[in-house]
Amino acid sequence: MIFYANGLKRKGETEKTFPSGKCYAVLHGKTSPCEFCSLHSSDSAQPEDTTIYELHGRTYATRTRETDWNGTPAYIKYVRDITEELEARKAKTRLEQYFQTAVKYLPGGMAVIRHDADGSIKPEYLSEGFSEMLDMSPEDAWAMYQESAFAGVHPDDQAFVQENLERCISEKREKYELEYRLQKGDGKYIWVKTKVSVIQGNGDCVRVYANYHDVTAEKKVKEQLRQQYQEQIYQHYQLAGPDALILGHCNITKNQILEIVDHTDSDLLSIFGSERENFFTGLGTLITDPAERELFYSKYLNEPSRRAYAAGDREVVMPCFIALPKQRAGKYVQFNVRLVETPDTGDITGILTVTDITKKAIRDKIFLMLSSTKHDLVADVDLLADQYEIVSGGDDNIPEKSGCYSERIRKVVKETLVKDRGEDGYVENMLDPTMMLERLKVQGSYSFIYSLHNAAGEIRTKKMTISAIDLRLGRVCIIRADVTDVLNAERKAKEELERALREAENASKVKSDFLSSMSHDIRTPMNAIVGMTTLALANLDNTDKLEDYLYKISVSSQHLLSLINDILDMSQIEQSKIHLNLQAIRIEELLGNISSIMTTQAESMGLCFNIETGVFRHSRFTGDALRIKQILINLLSNAFKFTLEGGTVTFRIEELGAENGERVRYRFTVQDTGIGISDKLLSRLFEPFNRSEKVSKVEGTGLGLSITKGLVDLMGGTIQVESKQGQGTKFEVELEFDALLEQEQQPRNVHVEVESGDLSGYHFLLVEDNEINSEILGELLQMWGATFTLVCNGLQAVNEFNQSEPETYDAIFMDIQMPVMNGYEATREIRKLAHPDAASIPIFAMTANAFAQDVRNALEAGMNAHISKPVEMDLLYSTVSKYLKKKTDPPHD
């Protein structure tokens, strides 16, 4: 029976009232108690319990309490609609699940860090991603960090991290980034970028959200880019040619000049200032032609430089004419600015080179004149300096090609003119510098005719044409033609023009190519190869001599190949980047190799070459054979070059006592009877590019002794030199190595036993676009009993392999640089094929690309091994044999 009830009141409704009666009848119009009612059952014994039930799509919570209603025992039943509350709770649960899932799979990791009033900073939460980033279990990560958020921070970074984290908290930063190192489970450290923000403040307690991202690989890449950038800047200053006038680099983004090297002695940086825009504006004022000046500004000021970089232009070049403040005459120059990105900041760096191209520009103008002019003599004359240079042709009876112009004219008048024709004063007047300048300012060019005696005593009639090249420089061109015989003059003019062009091309390359500076290092083994090849051809019937010559050719070829690899792999100037390749070495074999290379050169130079050896208690040791030979060959080559024909060079090797019984110490002495070294040069002998002016005609880079000293230092050795001019020079090098026991020694294998290879029954797919390379490899495979199919590019290889029956090919030799499709692409396509052998067939890279990166590229493309060209037969056979399946089937047809 209901004593009282108030109606359910929903939003927007009025409260209802109800009559007395049975609750199920009054409230719900039922004839029996509701199925969820607890009052009619034993559940009524628990009146304070809350019951949840659903009715008409709504959810209700009920609670019952016993009471006394005016003397009658009764129950008060509280009913509450909790439909919206349950929906809100479910939505909150879903959001929490979404958050936990997002946190779990978030790249890197996250943490919630608590900062208490006592100054302690501890984590309250560490995500699974955080522990995975550190290669730890969640338990281990929590054990490390639960007492302090800085527990795994690198000791050198802890103060930095704590200071910045406290600043973030004190300033209540929403965003803050830090980079520092965290310890991994194995004790090593990784670099992380941490983004932190204050997420909650409650009294004296502050919580911080931290998101972690592993940036170790990014840091390594940035460091590599930074080193490449510094190397580029270093090379810019160190390898500049002799014609460089101004070198420098600047920050275009920040409008700063970073460094200027001014070889013009004009003090341009002080004049124009260190702001880049002002400096380049000042450089533009040196350009005499207004149109060229405006073009310069449109190319090199900050805004056009930024536009050029954004458009992908990485080099801006412009030739023009300038007048320098402290120089009497101007110059033709070429401005070159290379645009590169600055590591870390992303700023644009401009690398500036201003090169003197006056000689080339003058010659180009002369050659333009010569294109339609007959001549037998062409001279470039500097009237301001009273100097001349014969560019083409000359006089048989006046051999000098350059010198004082006025002295040359006196010789022409006195020694060559036909005296009885009275032309002396006429010729002198026509070639007088003052008259030439005045006349050329008006006419641009003029000609005159005169007669002379040639070396044979014949009288020839000549036409002399004087032309202005650039009167700002006082430069004129004198062209003389023999008009006695027009046809002969035309023939000679063509020959002289071709000769002049060749000389100009050669002159433009002088001192500009660093690889040419390695010439004497490369020529030494090349001389042995050429000489031994000549001897081998002359002794084809003498097997013993032929075998010896071929061995020496092989040794010299390997040395030459090693030198070329070194030139390509690194800068010889920065010796600190050279790493020693340690291997077992026999001292007798090392000396034999050096003897094979140097003996032929000594004989060709007419020198007496002696090799003296002592008793070796230890004949085997571990060292870098290539670098040791490079040291000794550099010293011997220098001794040969600076010793006159008939002189003596002695190479002495002796074993010294080493303090450590497991070590061996050798002294290598190179002594010559050559021209010797001055005391002045001796004090800076090992500095790069130092050479005596008296031996300027001797070829070489000037780097040989610098490299030698660097290698000796790298090996922990010493090098000493004694020299007296006119008496000779002695170098002593002492090097110490780890000794090897004699029983470990192996006999020297002099010959390449090609016949030992047996690939009978194997069939290969050879992918090579070069006919000679394919012929060499094909012959080797056939010598070993194998057969092959040849295709010429990567696409053909993919199609041929895909159309072949299973087990047709035992392996693939893949060239890299080919038309249509290169070797990397072809290998990837083959590995993706549905062919049964696609995943397992061995693929070998056969390429002249021999850098470490090339090896990695080959392996990443899916190749099994990398074999560099030129091919070493033993290495080729051993590499291929390692991957081939044992052949039980009969050979391929």
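The values are calculated or read from the model by the stated rules, or taken from the named source; none is laboratory data. Since the model is a prediction, treat every value here as computed from it, not as a measurement. No Cβ is skipped: glycine too gets one built from the backbone with ideal geometry, and neighbour counts run over all protein chains shown. Accessible surface areas use protein heavy atoms only, side chains included; no ligands, DNA or RNA. Shrake-Rupley method; radii C 1.70, N 1.55, O 1.52, S 1.80 Å.
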- request: Please work out which residue is least open to solvent (accessible area, probe 1.4 Å), limiting yourself to the stretch 499-521 and to residues that are at pLDDT 70 or above and of a type outside the set (D, E, K, R).
  value: Ala500
field: From Ala149, Ala141, residue being within 43 Å of the chain's Cα centre (by Cα), within 22 Å of Tyr176 (Cα to Cα) and at pLDDT 85 or above
entry: Ala149
- prompt: Quick one: Glu603 ticks every box in (1) touching a Phe, Trp or Tyr at 6+ places or on another chain (Cβ under 9 Å); (2) surrounded by 15 or more Cβ atoms within 10 Å (Cβ to Cβ) bar one, so which box is it?
  reply: (2)
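Please report, ordered by residue number, the strands (runs of 3 or more DSSP E) entirely within the stretch 608-685 with at least 3 residues that are open to solvent by 10 Å² or more (accessible area, probe 1.4 Å) and either closer than 18 Å to Glu722 by Cβ or out of contact with any Pro (no Cβ under 6 Å at 6 or more places or on another chain) (or both). I'd like the intermediate steps shown before the answer.
Values: elements: 608-613, 620-623, 648-656, 663-672.
Answer list for the stretch 608-685: 608-613, 648-656, 663-672.
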query: Does the stretch 180-187 include one or more residues that are within 16 Å of Ile113 (Cβ to Cβ) and free of Cβ contacts under 8 Å to residues at least 24 places away in the same chain?
result: no
message: For the stretch 800-808, check the following and say yes or no: at least one residue is in contact (Cβ under 8 Å) with a residue 12 or more places away in the chain, more than 16 Å from Lys869 (Cα to Cα), of a type in the set (Asp, Glu) and surrounded by fewer than 16 Cβ atoms within 10 Å (Cβ to Cβ).
response: yes
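Which one of these is at pLDDT below 65, on the phi < 0 side of the Ramachandran plot and charged (D, E, K, R): Glu85, Glu54, Glu48, Glu35?
On the way: Glu85 fails: at pLDDT below 65; Glu54 fails: at pLDDT below 65; Glu35 fails: at pLDDT below 65.
Result of the check over Glu85, Glu54, Glu48, Glu35: Glu48.
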message: Can you pull out every residue in the stretch 844-881 that is within 19 Å of Glu775 (Cα to Cα), open to solvent by less than 40 Å² (accessible area, probe 1.4 Å) and not small (Gly, Ala, Ser)?
response: Phe844, Met846, Thr847, Ile867, Leu876, Val880
message: Taking the condition of being outside any strand (DSSP E or B) and either under 17 Å from Ile398 (Cα atoms) or in contact with a Gly (Cβ under 8 Å, 6 or more places away or on another chain) (or both), how many residues in the stretch 432-457 meet it?
response: 5
task: Taking the residues in the stretch 532-547 that are hydrophobic (A, V, I, L, M, F, W, C) and under 15 Å from Ser596 (Cα atoms) as candidates, determine which candidate is most open to solvent (accessible area, probe 1.4 Å).
output: Leu535
message: Which condition from (1) modelled with pLDDT of 90 or more; (2) surrounded by fewer than 13 Cβ atoms within 10 Å (Cβ to Cβ) is the one that Cys792 breaks?
response: (2)
task: Scan the stretch 299-334 residue by residue and report those that are crowded, with 16+ Cβ neighbours inside 10 Å, farther than 18 Å from Thr353 by Cβ and in contact with a strand residue (DSSP E or B) (Cβ under 8 Å, 6 or more places away or on another chain).
output: Gly330
message: Please go through the stretch 325-341 and give me each residue that is at pLDDT 90 or above and either closer than 14 Å to Ile469 by Cα or polar (S, T, N, Q) (or both), ordered by number.
response: Tyr332, Gln334, Asn336
query: If you scan the stretch 380-431, which residues turn out to be out of contact with any strand residue (DSSP E or B) (no Cβ under 8 Å at 6 or more places or on another chain), assigned to a helix (DSSP H, G or I) and open to solvent by less than 60 Å² (accessible area, probe 1.4 Å)?
result: Ser406, Ile409, Val413, Gly425
message: Looking at Thr434, Thr358, can you tell me which residue is in contact (Cβ under 8 Å) with a residue 60 or more places away in the chain, β-branched (Val, Ile, Thr) and surrounded by fewer than 20 Cβ atoms within 10 Å (Cβ to Cβ)?
response: Thr358
message: Looking at Lys463, Lys492 in this structure, which one is open to solvent by 10 Å² or more (accessible area, probe 1.4 Å), at pLDDT 85 or above, outside any loop (DSSP other than H, G, I, E, B) and charged (D, E, K, R)?
response: Lys463
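Considering Glu768, Glu829, Glu779, Glu775, which residue is free of Cβ contacts under 8 Å to residues at least 12 places away in the same chain and either under 35 Å from the mean Cα position of the chain (by Cα) or open to solvent by less than 50 Å² (accessible area, probe 1.4 Å) (or both)? Working first, answer last.
Values: Glu768 fails: free of Cβ contacts under 8 Å to residues at least 12 places away in the same chain; Glu829 fails: free of Cβ contacts under 8 Å to residues at least 12 places away in the same chain; Glu779 fails: either under 35 Å from the mean Cα position of the chain (by Cα) or open to solvent by less than 50 Å² (accessible area, probe 1.4 Å) (or both).
On inspection, the qualifying residue turns out to be Glu775.
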task: Look at the stretch 273-286 and say how many of its residues are open to solvent by less than 40 Å² (accessible area, probe 1.4 Å) and out of contact with any Asp or Glu (no Cβ under 9 Å at 6 or more places or on another chain).
output: 7
